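Here is the structure we will look at, set down as structure tokens.
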């Protein structure tokens, strides 16, 4: 990848609906070479997907809850089962295996506390968990889906 690829990635992250012609113009390429670069970035998996970002209030998912989970079971079988269980919950929008005192961290979005309580009860009915701790976000101060590109390794050739 080179500096042009980085510029293209920056633009695509800002607006995935931008036309190839607009991106090409912004990075100083003609349309066909720009399109080829975008296709290559998609083929290589650098661009994984193009999506629409929805307003949580408009879709009634205004409450964000960070759920810390600790377990007594650390087998690969339990992790596979837990992953399957979590995959069935559309409220879970992020799911991480952690280091340190917390084993797993979930970001859950729901309309209200009652909906979170229902989520919690469904979760604990499906799998054994040692400890669950939930923290409700009061205000979202920064949110982005854009990856920082300053760390990209740029070809010197």
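No lab work stands behind these numbers, since they all come straight from the coordinates. Given the structure is predicted, the values throughout are model-derived calculations rather than measurements. Every residue, glycine as well, gets a Cβ built from its backbone with ideal geometry; the counts of neighbours run over all protein chains shown.
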Treat each spin label as a single point 7 Å out from the Cα along the C-beta direction, and report the residue 155 to residue 57 distance in nm.
4.6
Rg/Rg_ref, region 63-136, where Rg_ref = 2.2 N^0.38 Å and atoms are Cα
1.02
Kindly express, to the nearest 10 degrees and within the range 0 to 90, the angle between helix 31-43's C-alpha long axis and the longest C-alpha principal axis of the chain.
30
Pairing the Cα long axis of helix 3-14 with the longest principal axis of the chain, what angle in degrees results, from 0 to 90 and rounded to the nearest 10?
50
Determine the gain in length on full extension of the stretch residue 39-residue 68; use 0.36 nm per residue of separation and subtract their C-alpha separation, reporting nm with one decimal.
6.6 nm
Using only the alpha-carbon atoms of region 3-43 as identical scatterers, what base-10 log of I(q)/I(0) does the Debye formula give at q = 0.14, 0.22 Å⁻¹?
-0.22, -0.58
Give me Rg over Rh for region 43-84, both radii from the alpha carbons and Rh done the Kirkwood way, two decimal places.
1.16
So for the pair residue 112, residue 79, with labels modelled 7 Å out along Cα→Cβ, what separation do we get in nm?
3.9
If I stretch the segment between residue 4 and residue 132 completely, what's the gain in nm (0.36 nm per residue apart, minus their alpha carbon distance), one decimal?
41.5 nm
Set the Förster radius R0 to 41 Å, insert the Cβ-Cβ distance between residue 121 and residue 14 as r into 1/(1 + (r/R0)^6), and round the FRET efficiency to 0.05.
0.55
By how many degrees, 0 to 90 and rounded to 10, does the Cα axis of helix 113-126 deviate from the longest principal axis of the chain?
80
The extension gain from residue 26 to residue 140, computed as 0.36 nm times the residue separation minus the Cα-Cα distance, is 37.9 nm
So, for the Cα atoms of the chain, Rg and Dmax in Å stand at 20.3, 58
